[in-house]
Amino acid sequence: MAAGFKTAEPLEYHRSFLVNKSDRIQNHNTEHREVSVTYIGFLILFPCLGSISTANGSALVKLGNTTIICGIKAELTNPTVEAPGKGYIVPNVDLPPLCSSRFRPGPPGEQAQAASQFIADVIERLIKTEDLCIDRGKLCWVLYCDLMCLDYDGNILDACVIALLAALKNTRLPEVTINKETSAPEVNLEKRRELQIHKHLVSASFCIFDDSILIADPTAEEETLSTANLTVVTDEDDRLCSVHKPGGTSLSGERLQECISRATTRQREIQKLIDKVAHSVKKAQ
């Protein structure tokens, strides 16, 4: 009976439990789903048809039923004229039909483009592009950060940020020197260095249900029924870095402060988890 009611009237189904505080869903509005982070030793990327290469860093993240895989591919290139002392980063979020029936084949949809732009804004604070410069005005690294959703069940932004941070901490760049005689770059694959992570940013997403109830880490169904979505990004110093709210129901200052407080707690939890997994991987190597 409950399953039939949920299918026929999903809004009323959720409203009855959230308002009456009589179900697990009510507890979910103050808790986040379980997160797991896995480092992948060898990841195959398909940057274009017929091209296969190994990634310099990768991570697989499960946030509840949402699963994201992130691969970092580093390539040598020339710096831009506007920024001769910097490398650059190209993030991309892919939401293929295999992860959910709501997505269709073809060019990236609006949600995928918005997620890619959000990741681009976040990654600018994670690492400094100056660290990617090898020879000013002549040679630098470009990092292609490809995030693909394998299973979609809401809160794609949080899962992407966690996967990105974990993959960047797992990235190793080979040593590159410039041959003085030929001016050609020489890559030493035997010597690799870690990327320097300047800020450990973590996002925490919320949705507003029925214009009044705040739900943390919403599922796909909860996002569909919500009247607004909000994502708060904080760093390890408990500082607010950005707030992403694409329209919808307005939020009071008190509710916003509550979201920021939860986001700072979430940041510490996720950073602790990533550091723990990264440490175990180093010990195993």
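The values are calculated or read from the model by the stated rules, or taken from the named source; none is laboratory data. All values reported here derive from a predicted model rather than from experimental measurement. Ideal geometry is used to build each Cβ from the backbone, glycine not excepted, and the neighbour counts take in all protein chains shown. When the accessible area is computed, the model is the full protein with side chains, heavy atoms only, and any ligands, DNA or RNA have been set aside. Shrake-Rupley method; radii C 1.70, N 1.55, O 1.52, S 1.80 Å.
Residue by residue, here is whether (1) among the small types (Gly, Ala, Ser); (2) touching a residue at least 60 places away in the same chain (Cβ under 8 Å); (3) at positive phi; (4) not in a loop (DSSP other than H, G, I, E, B) holds:
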| residue | (1), (2), (3), (4) |
| --- | --- |
| Pro107 | no, no, no, no |
| Ala114 | yes, yes, no, yes |
| Phe118 | no, yes, no, yes |
| Cys140 | no, yes, no, yes |
| Cys145 | no, yes, no, yes |
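Looking only at the range 120-132, filter to residues that are in contact (Cβ under 8 Å) with a residue 60 or more places away in the chain and of a type in the set (A, V, I, L, M); which one of those is farthest from Asn78 (Cα to Cα)?
Within the range 120-132, the subset in contact (Cβ under 8 Å) with a residue 60 or more places away in the chain is 121-122, 125-128, 131.
Narrowing the set further to residues that are of a type in the set (A, V, I, L, M) leaves 122, 126-127.
Values: Val122: 24, Leu126: 22, Ile127: 19 Å.
My answer is Val122.
Being in contact with a helix residue (DSSP H, G or I) (Cβ under 9 Å, 6 or more places away or on another chain) and not in a helix (DSSP H, G or I) is the filter; apply it to the range 246-273 and report the residue that is farthest from Ser116 (Cα to Cα). Let's see the steps before the verdict.
Quick first cut of the range 246-273, residues in contact with a helix residue (DSSP H, G or I) (Cβ under 9 Å, 6 or more places away or on another chain) only: 246, 251, 266, 270-271, 273.
Going one step further and asking which of them are not in a helix (DSSP H, G or I), we end up with 246, 251.
On the way: Pro246: 14, Leu251: 25 Å.
So, considering only residues that are in contact with a helix residue (DSSP H, G or I) (Cβ under 9 Å, 6 or more places away or on another chain) and not in a helix (DSSP H, G or I), the one farthest from Ser116 (Cα to Cα) is Leu251.
Residues in the range 249-268: is at least one within 24 Å of Lys128 (Cβ to Cβ), open to solvent by 60 Å² or more (accessible area, probe 1.4 Å) and free of Cβ contacts under 8 Å to residues at least 12 places away in the same chain? Explain how you work it out, then say what you get.
Pass one, the range 249-268, residues within 24 Å of Lys128 (Cβ to Cβ): 263-264, 267-268.
Filter again for open to solvent by 60 Å² or more (accessible area, probe 1.4 Å), leaving 268.
Checking the rest, the ones that are also free of Cβ contacts under 8 Å to residues at least 12 places away in the same chain come to none.
No - not one qualifying residue is present in the range 249-268.
So Thr177 clears everything in (1) touching a residue at least 12 places away in the same chain (Cβ under 8 Å); (2) over 22 Å from Cys149 (Cα atoms); (3) not in a helix (DSSP H, G or I) except one condition, right? Which one?
If we test Thr177 against (1) touching a residue at least 12 places away in the same chain (Cβ under 8 Å); (2) over 22 Å from Cys149 (Cα atoms); (3) not in a helix (DSSP H, G or I), just (1) comes out false.
Scanning the range 169-210 for residues that are hydroxyl-bearing (Ser, Thr, Tyr) and open to solvent by 50 Å² or more (accessible area, probe 1.4 Å), which turns out nearest to Glu223 (Cα to Cα)?
Here is the first cut: in the range 169-210, the ones hydroxyl-bearing (Ser, Thr, Tyr) are 171, 177, 182-183, 203, 205.
Within this subset, residues satisfying the condition of being open to solvent by 50 Å² or more (accessible area, probe 1.4 Å) are 177, 182-183.
On the way: Thr177: 49, Thr182: 57, Ser183: 54 Å.
Applying the filter and picking the extreme gives Thr177.
Please work out which residue is farthest from Ile123 (Cα to Cα), limiting yourself to the range 69-89 and to residues that are under 20 Å from the mean Cα position of the chain (by Cα) and open to solvent by 30 Å² or more (accessible area, probe 1.4 Å).
Residues of the range 69-89 under 20 Å from the mean Cα position of the chain (by Cα): 69-74, 88-89.
Filter once more, keeping what is open to solvent by 30 Å² or more (accessible area, probe 1.4 Å): 69, 73, 88-89.
Working: Ile69: 16, Lys73: 15, Tyr88: 11, Ile89: 8 Å.
My answer is Ile69.
Could you list all residues from the range 90-110 that are over 14 Å from the mean Cα position of the chain (by Cα) and within 19 Å of Thr224 (Cβ to Cβ)?
Narrowing the range 90-110 to residues over 14 Å from the mean Cα position of the chain (by Cα): 96-110.
Correct list: Pro97, Cys99, Ser100, Ser101, Arg102, Phe103, Arg104, Gly109, Glu110.
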